[in-house]
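The values are calculated or read from the model by the stated rules, or taken from the named source; none is laboratory data. Predicted model only: the values in this text are computed from it and were never measured. Virtual Cβ from ideal backbone geometry, glycine too; neighbours counted across all protein chains shown. Protein only, heavy atoms only, side chains kept; ligands, DNA and RNA dropped before computing areas. Shrake-Rupley method; radii C 1.70, N 1.55, O 1.52, S 1.80 Å.
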Amino acid sequence: MAPTMGWLAIIRLGLVQTALGAVVVLMTSTLNRVMVVELALPAMIPGALVTLHYAVQVLRPRWGYGSDMGGRRTPWIVGGMAALCLGGFGAAAATALMETHLASGIALAILSFLTVGMGAGAAGTSLLVLLAGGVEARRRGAAATIVWVMMIAGFAITAPIAGHFLDPFSGARLVAVSGTVSLLAFLLALLAVSGIEPVRAPSSHAERAPKRPFREVLARVWSEPASRRFTVFIFVAMLAYSAQELILEPFAGLVFAMTPGVTTKLSGLQHGGVLAGMLTVAGLTMGIGGSYLGSLKLWTATGCAGSALALAGIAGGGLIGPDFPLRVAVFALGLFNGMFAVAAIGSMMGLAGAGGEAERGTRMGVWGAAQGVAFGAGGFLGTMAVDLARLVSPEPVHAYAAVFLAEAALFLVGALLALRIEHASATLLRRAARPRRPVLQPRYR
């Protein structure tokens, strides 16, 4: 597919992310709270269910391969959203069921969270593939920003509206609200992708060639040094990115004696920095920054290195004490996180085409799996690392500082990997574009 998508088409695909975010936010926040507070269940139950949702992301390469074989991305987006919305509704029903039949409710919740993970993986992978194939190179940073921000909009819009209709709380009301959100989200996604993907006539010899099995395609993608290096980069950087999310607010509370309200505002300041970083990269890569400042590789590496510096500053700030400008450091962390995230997604969209259209989905799936697994593992490992560090050091500030410095080291590794990715991938693209030597045919006189 030629890169001919305009801004309207990009926004329409962003609406799919809005719909996805609307369902996921109820899974990760509302249902989590209901299980722990209203049902008085151990926090490990919703934690394990959310982990299942991330663990099943390892299937993303298979979903991407399926869309490669079919040659169409829209059916996978629609089917994935259908599974996601059905799983979201099932999770709400399972939560309500736990009040009277705990074992049955947990069993249904496990099935529902697995369905949500598979649906999000199938829809999200094919959505990025469709976007990558239809957006020209200079718009990729801006396109990544648009779809990311629109997913966050799904969180921000759904949470307060659903919360309004959940009072006074009951299991039946929870199921009704979740069902309504899921239905509206599916209809929004269906309308958003309707007619957006052009129909391609299979005319070339490559498209008529026999389809290669999944294992062969996956092995081919993984055997390429550029693809493998980018996969490692995504995993390392996303592990560092997510590891600080669950420990930053407790750190501010324990070390800087901030109240829950103040730490919540601190988290909001960080997210504001993320948005600022994304918008900065989107603007500069659209041509404002020229060929040098418009490089996604530059902003990927800068975002990782800046995040490492901000984390090191936060670690040192805890040792300095209340006089340290923590808010400035947290905003800087968000700023560089946003730069890294949107530049990495833009690079992912560009590199997905290295093996041609027939492998684009599989490649995107491999990188999406690395991202999902790292994101799920990061939060758990970050909190576990703090607990283990506190067993060694009696002072919380030293434990948190050690973990922040470890995350900074991961980001530095990510920055070094980012500096090598684009060059290796560009070499791969040049090789793929190099004309093959023609086979000499015998002459007949």
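Summary table below
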read-out	value
GNM top mover of L326, L279, L309 - the chain, alpha-carbon springs below 10 Å	L326
Within the accessible area of the stretch 324-400 (1.4 Å probe), percent carbon and sulfur	71
The stretch 1-106 - Rg over Rh from alpha carbon coordinates, Kirkwood radius	1.08
1.4 Å probe accessible area per residue over the stretch 1-137, in Å²	36
Gaussian network model of the chain, Cα within-10 Å springs - most flexible of E249, E197, E38	E38
Cα-based Rg and Dmax for the stretch 211-301, where Dmax is the largest Cα-Cα distance (Å)	19.4, 61
For the stretch 269-414: span of alpha carbons on each principal axis (Å, largest first)	55, 33, 22
The stretch 43-86 - Rg (one decimal) and Dmax (whole number), Cα, Å	13.3, 43
Anisotropy class of the stretch 138-284 from Cα gyration tensor, a/c 1.5 cut	oblate
Where Rh is the Kirkwood radius over Cα pairs, Rg/Rh for the stretch 209-254	1.36
Order by protection proxy (mean Cβ within 10 Å, highest first), peptides 77-90, 182-195, 123-136	123-136, 77-90, 182-195
Within the accessible area of the stretch 32-182 (1.4 Å probe), percent carbon and sulfur	73
Three-way shape label, the chain, alpha-carbon gyration tensor, a/c 1.5	oblate
